[in-house]
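Working notes, structure below.
The values are calculated or read from the model by the stated rules, or taken from the named source; none is laboratory data. For clarity, every value in this text was computed on a predicted model and none was experimentally measured. Here Cβ is always computed from backbone atoms with ideal geometry, including for glycine, and neighbour counts include all displayed protein chains. For the accessible areas, the whole protein counts, side chains as well, though only heavy atoms, and no ligand, DNA or RNA atoms are used. Shrake-Rupley method; radii C 1.70, N 1.55, O 1.52, S 1.80 Å.
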Amino acid sequence: MRTTRALAASAAACAVLGLAAPTASAWTDPTSVVSAPSVIARGGQLVLTVNGGGNNACTTPGSTISSNAFPTTTLTSLGGNTASATVRVNSFANAGSYSVTTTCENRTRTFPGVFTVLGGVRGGIGGSSTTGATPTDMAIGGGLVAAALVGGGVFWMRRRAERRI
């Protein structure tokens, strides 16, 4: 009799668990967000791919992805449990690591540190921030020109004197 009660109790527990399992797995959060490239400059274009999400949750119409570095964008289904969005990073985004938030079937999940925005670089001016030559540059250039003139004059005078001998 004790064996029968134990079997009945375990059968009831399995039945309850079996009925609850489909409800629990009806919606699962996306498992990951991948960024290509993972490091980007301000104003650059970024492709974000959302993987996972049971029952194609993030591939349904109205699914979005957002961050502080770009405006909220609609996800496009890639088939299966994968969705993607192409975004442009704001030109005023601060340098650093950014999180991404997905909204699928009115449920949100945040993924920290998905991509990094690089700081601004002053390129093309050779590290200089002034325009034109500085007074020091002018003095050095003038000294070199004067030395060249004196050296050329001395060389020319010596050549003239050698011919007369």
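A single member of ASN55, ASN90, ASN94 is at pLDDT 80 or above, open to solvent by 40 Å² or more (accessible area, probe 1.4 Å) and not charged (D, E, K, R), and it is ASN94. If you go through region 99-113 and keep only what is modelled with pLDDT of 85 or more, open to solvent by less than 40 Å² (accessible area, probe 1.4 Å) and not β-branched (Val, Ile, Thr), you end up with just PHE111. Scanning region 60-81 for residues that are modelled with pLDDT under 85, out of contact with any helix residue (DSSP H, G or I) (no Cβ under 7 Å at 6 or more places or on another chain) and assigned to a strand (DSSP E or B) turns up THR76, LEU78, GLY79.
When each of ALA26, ALA11, ALA20 is tested for being in contact with a helix residue (DSSP H, G or I) (Cβ under 9 Å, 6 or more places away or on another chain), of a type outside the set (Phe, Trp, Tyr), modelled with pLDDT under 65 and surrounded by fewer than 16 Cβ atoms within 10 Å (Cβ to Cβ), the lone residue that passes is ALA26.
Selection within region 72-116: residues that are among the small types (Gly, Ala, Ser) and touching a Leu at 6+ places or on another chain (Cβ under 8 Å). The member of this set that is farthest from SER32 (Cα to Cα) is ALA95.
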